[in-house]
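Notes follow the structure.
The values are calculated or read from the model by the stated rules, or taken from the named source; none is laboratory data. Note that this is a predicted model, so its numbers are computed, not measured. Glycine gets a Cβ as well: all are built from the backbone with ideal geometry, and neighbour counts include every protein chain shown. These area figures cover heavy atoms from the full protein model, side chains too; ligands, DNA and RNA do not enter into them. Shrake-Rupley method; radii C 1.70, N 1.55, O 1.52, S 1.80 Å.
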Amino acid sequence: MSSNKFLNLNFEDFKKLSKDDNLSIYEKIGFPDSYRKEKEVSIFNDIKSKATNLKLQNKLVLDIGPGCSNLPRLIIDECKRNSSKIFLIDSDEMLSHLPNDNHIFKIGACYPNCDNFLRDYEKKIDLIICYSVFHYIYPDVAIEKFLESTLPLLTPGGQLFIGDIPSYNKRKRFFSSDAGIKFHQNFMGTDEPMKISDDEIESKQIDDKILLSIISIARKKGFDAYLLPQDSKLPMENRREDIFIVRP
């Protein structure tokens, strides 16, 4: 399946993808196989190196939009090893592909439309993972609403990891560099550099201003917040970034 078919997907689109038996587990979550197959262990290790609460014992973990590939299974297994509970919020259709166990709690909802959970677990969650999902939530859900819903869940010392965010400016910087030009030429089998115009950005794309506003809003609310690079082993590290937020 062409990667172009994965652009501008929404919650309802992912429901449909999850039920399509002709798609791989990676295509069901909006990726060509080449972007995720045999790469999810590296992705998991990168998450664990930053979201360190995942390695601790007896914690409460929330995965927002886990999808149905092998990555959430790795996170689920890590929680079981550490006697931690994990909450998975996604469509019922997507969650049906993931295992059931005593430490797994599935919530069929389009985050943050899960008022009961948000109320019942205020200041109780030790780690929230939102990986490769935020760009589907924004701009349908404003940054302020996402953070106002999510940050109150964190216990003191709790961590929010918003990972694998497509960064328009990082992508532009990379493909304008010598390394990026060579990468594009080798990938496309052409001698031409990628053409990136200053007015290319669209309403749903995430640029430096949006990424830095997330950092700024979180800090103003009393949280520590950081913009982090991805490990060089990851498939899209040259055009994606991570955000890490901690309640002191």
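Observations
- If the segment from Glu12 to Asp191 were pulled out straight at 0.36 nm per residue, it would be longer than the present Cα-Cα gap by 60.5 nm.
- Exposed-loop-free span, longest in the chain, where GluC sites (Glu not before Pro) count as exposed if DSSP calls them loop and at most 15 other C-beta atoms lie within 10 Å: 39-121
- Take every pair of alpha-carbon atoms less than 8 Å apart whose residues are at least six positions apart; their mean separation over the length of the chain yields a relative contact order of 18 percent.
- Estimated vicinal HN-Hα couplings, Hz - segment 26-35 in sequence order (Karplus 6.51, -1.76, 1.60; Gly, Pro = x): 7, 5, 4, 9, x, 10, x, 3, 5, 8
- For the chain, the 222 nm mean residue ellipticity estimated from helices alone, with every DSSP H stretch of n ≥ 4 adding -39500 (n - 2.57) and the total spread over all residues, rounds to -9500 deg cm²/dmol.
- Here the accessible area of segment 88-213 is 48 percent carbon and sulfur, with a 1.4 angstrom probe and all protein chains present.
- Extension gain for Lys221-Leu56 works out to 56.8 nm (0.36 nm per residue, less the C-alpha to C-alpha distance).
- 3J(HN,Hα) couplings calculated from phi for segment 15-21 with the Karplus curve 6.51 cos²θ - 1.76 cosθ + 1.60 (θ = phi - 60°) are, in sequence order, 4, 5, 4, 5, 9, 8, 5 Hz; Gly and Pro show x.
- Per residue convex hull volume, Cα atoms of segment 80-224, in Å³: 171
- Modelled label positions at Phe105 and Ser213, each set 7 Å beyond Cα in the direction of Cβ, lie 3.3 nm from each other.
- The chain: antiparallel DSSP beta bridges as a percent of all, rounded to 5: 35
- Solvent-accessible surface (1.4 angstrom probe) belonging to Leu56, in square angstrom, nearest 10: 70
- Shown for segment 3-58: the carbon plus sulfur share of the solvent-accessible area, taken with all protein chains present and a 1.4 angstrom probe, equals 46%.
- Segment 42-166 shape via C-alpha gyration tensor axes, a/c threshold 1.5: rounded
- Heavy-atom accessible area order for Arg171, Arg239, Arg219, Arg36, largest first, 1.4 Å probe: Arg219, Arg171, Arg239, Arg36
- Label-point separation in nm, Ala179 to Asp120, each point 7 Å along Cα→Cβ: 4.6
- With a Förster radius of 30 Å applied to the beta-carbon distance between Asp33 and Asn82, the computed FRET efficiency rounds to 0.50.
- Average accessible surface area per residue within segment 137-191, 1.4 Å rolling probe, Å²: 47
- Antiparallel DSSP beta bridges within segment 114-248, percent to nearest 5: 65
- Whole-Å semi-axes of the ellipsoid equivalent to segment 32-93 (Cα gyration tensor, √5λ, descending): 20, 15, 9
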